[in-house]
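Written below as C-alpha cells is the structure these notes are about.
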Amino acid sequence: MLIYKIFRADEWRALRAEKVSQGAPVDLADGYIHFSTAEQAPETAAKHFAGQDDLMLVAVEVDRLGDALKWEVSRGGAEFPHLYRELRLEDVAWAQPLPLSAGAHQFPAGME
C-alpha cells in the first residue's frame, strides 16, 4: 500500500540533496510527518495547499516504514498515517509533479 506526502518544491529539493527530511514546518511543529492515503490526498491538497503550484506528490510504500508509521485519528475522525522518524529518500517509491489546473490539483490516474 502506498501513502502520499505533498512537498513544496524547495522541500523536495532538500530531501533529494540531504537524503533525509524531517518534513514541512507543520510536521516539525507536530513531531511527526503527515501523510495521506490516496483517498485523503485530494482533500489534504485542497485544505493545506490551495492555489499553490510547484508541488511534488511523493509516494511511499507503507511496508518500508516499519513501526515508525502510526495510524492516528485526525480530520473528520479518519485515521491518517503519521511517520515518527525522518523520511529517507530511499523510502520514496516515486515522486511526480502535482500540477494545478483551474484551481485544482491534478492527481495521477490510478493512485491506489
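Rule-based calculations on the coordinates, nothing more; no lab input. Model, not experiment: these values are computed from the prediction. Cβ sites come from the backbone with ideal geometry, for glycine too, and all protein chains shown count toward neighbours.
Some observations on this one:
- Candidate values [x] 38, 29, 23; [y] 45, 43, 18; [z] 39, 36, 29, label of the one derived for Cα extents along the principal axes in Å: [z]
- Per-pair calculated FRET efficiency, R0 = 25 Å: Ala9 and Glu61 via Cβ, rounded to 0.05: 0.60
- Sparsely packed GluC sites (Glu not before Pro) within region 1-53, loop by DSSP, other Cβ within 10 Å at most 10: Glu39
- Ordering His34, Gly77, Leu89 by Cα displacement along the dipole of region 2-100 toward the positive end leaves Leu89 in first place; charges were set at the Cβ atoms of Lys, Arg (+1) and Asp, Glu (-1).
- With contacts taken as Cα pairs under 8 Å and at least 6 residues apart, region 2-100 reaches a relative contact order of 39 percent.
- Inter-label distance, nm, simple model (7 Å from Cα along the C-beta direction), Asp54/Lys70: 3.4
- Under 18 Å of direct C-alpha separation, and excluding same-chain neighbours fewer than eight residues apart, Lys70 reaches these aspartates and glutamates: Asp27, Asp30, Glu39, Glu61, Glu79, Glu86, Asp91.
- One decimal place: the segment Ala29-Ala17 gains 2.1 nm when fully extended, by the rule 0.36 nm per residue minus the C-alpha distance.
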